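Shown next, in structure tokens, is the structure this report addresses.
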Amino acid sequence: MFRRLFLTLLLLSATAPALALNVVATSTSMGALVRAVAGEHADLTVLVGPDQDLHSLDAKPTMIRALRSADLVVAVGAELEIGWLPLAIQSAANRAIQPGQPGYFEAAAQVSLIDHGAPADRAQGDVHPLGNPHVNMDPVRMVAVAHALAERFALLDAANAARYRRGAERFAEQVDRRLPQWQQQVADAPGVVLYHRDANYLLARLDVPFLGTIEPIPGVPPSGRDLRELRNALEGQRGIVLFATFESPRPPQRLAENLGWPFEAIPLDPPLDADGEGYLALIDRWVNAISATR
Ligand SMILES: [Zn+2]
């Protein structure tokens, strides 16, 4: 009897299908979330490293190859990857991951967005007319995205649904634990100037004053006049200038020097191999920088 049960179990495990879903994440933040939710039950490829600008890339053959065999694509969305992802997905000719299919997932579609632009903004060069896509800079929105992602994994791989839901729960608990510490750390921070409207998600979440952007409009480089106007508006205040590592360092440095403020370049996404903890460590870095001017 015992022996038969053992044999049955052995047979069951031998005939179980390959477990890991083949997942492609566009950014390392999305990759970190996939690892947080699915762990080893995702065979993960991340397309773009944290040193690259997701706004301005070209579709590459390596991306198309990765997409060809994917069960699920996890993108940031809200047109952040519009310059390359639609073309790469089209070229991969994989029906499972076309937009509208269960195998296509956008983080920005799961949460409310800030910075909804007027229609005229696109005419002026705004690269984000649908609203601000940089939801990965808000850890609380990322919790909502993690729960939605767990449900998507569950839809594609029902046998492991409980694992995915547990992964999202664990990530939610980690964020819940960190949030009061972050809020306390930045409580008296005087405020931040960013290069682009990206980390304003984090500033809004932590109630830190958002003092302006180097860019006059998202995606439009600043003129000398833009920088002079910004400097005049901020003269006499305290703050810090923070910008992404791939952004042009000269304008933010010059503004900071003129105002006598500190400045720092910080990645917008965690390292390539980051999991949920790696993502939270990136938020820690931003919080430390924001609080540096207390
Ligand atoms: Zn952007």
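Yes or no: region 252-266 includes at least one residue that is closer than 28 Å to L149 by Cβ and at pLDDT 95 or above.
yes
Could you list, in sequence order, the residues of region 219-264 that are buried (at least 18 other Cβ atoms within 10 Å of the Cβ) and of a type in the set (G, A, S)?
The answer is G239, A244, A256.
Identify all residues within region 196-216 that are within 11 Å of the ligand (Cβ to nearest atom) and either more than 23 Å from H55 (Cα to Cα) or over 17 Å from the mean Cα position of the chain (by Cα) (or both); write none if there are none.
T213, E215
Exactly one condition in (1) without any contact (Cβ under 8 Å) to a residue 60 or more places away in the chain; (2) closer than 19 Å to V175 by Cβ is not met by D269; state its number.
(1)
Output the residues belonging to region 128-142 that are surrounded by fewer than 21 Cβ atoms within 10 Å (Cβ to Cβ) and within 14 Å of the ligand (Cβ to nearest atom).
Those that are surrounded by fewer than 21 Cβ atoms within 10 Å (Cβ to Cβ) and within 14 Å of the ligand (Cβ to nearest atom): P129, L130, G131.
Taking the residues in region 46-63 that are more than 16 Å from the ligand (Cβ to nearest atom) and buried (at least 18 other Cβ atoms within 10 Å of the Cβ) as candidates, determine which candidate is farthest from P86 (Cα to Cα).
V46
Being farther than 30 Å from P221 by Cα, in contact (Cβ under 8 Å) with a residue 12 or more places away in the chain and within 16 Å of the chain's Cα centre (by Cα) is true for just one of V111, V73. Which residue is that?
Being farther than 30 Å from P221 by Cα, in contact (Cβ under 8 Å) with a residue 12 or more places away in the chain and within 16 Å of the chain's Cα centre (by Cα) holds for just one of V111, V73, which is V73.
Here are the criteria: (1) over 30 Å from N22 (Cα atoms); (2) part of a helix (DSSP H, G or I). Tell me which single one E169 does not satisfy.
(1) is the only condition that E169 fails.
Which of (1) touching a residue at least 60 places away in the same chain (Cβ under 8 Å); (2) within 30 Å of E173 (Cα to Cα); (3) surrounded by fewer than 19 Cβ atoms within 10 Å (Cβ to Cβ) does Q124 not meet, given it meets every other one?
Result: Q124 passes all but (2).
From (1) in contact (Cβ under 8 Å) with a residue 60 or more places away in the chain; (2) out of contact with any His (no Cβ under 8 Å at 6 or more places or on another chain), pick out the condition that doesn't hold for Y164.
(2)
The values are calculated or read from the model by the stated rules, or taken from the named source; none is laboratory data. Worth saying up front: this structure is predicted, and the values here are computed from it rather than measured. For neighbour counting, all protein chains shown are included, and Cβ atoms are generated from backbone atoms with ideal geometry for every residue, glycine included.
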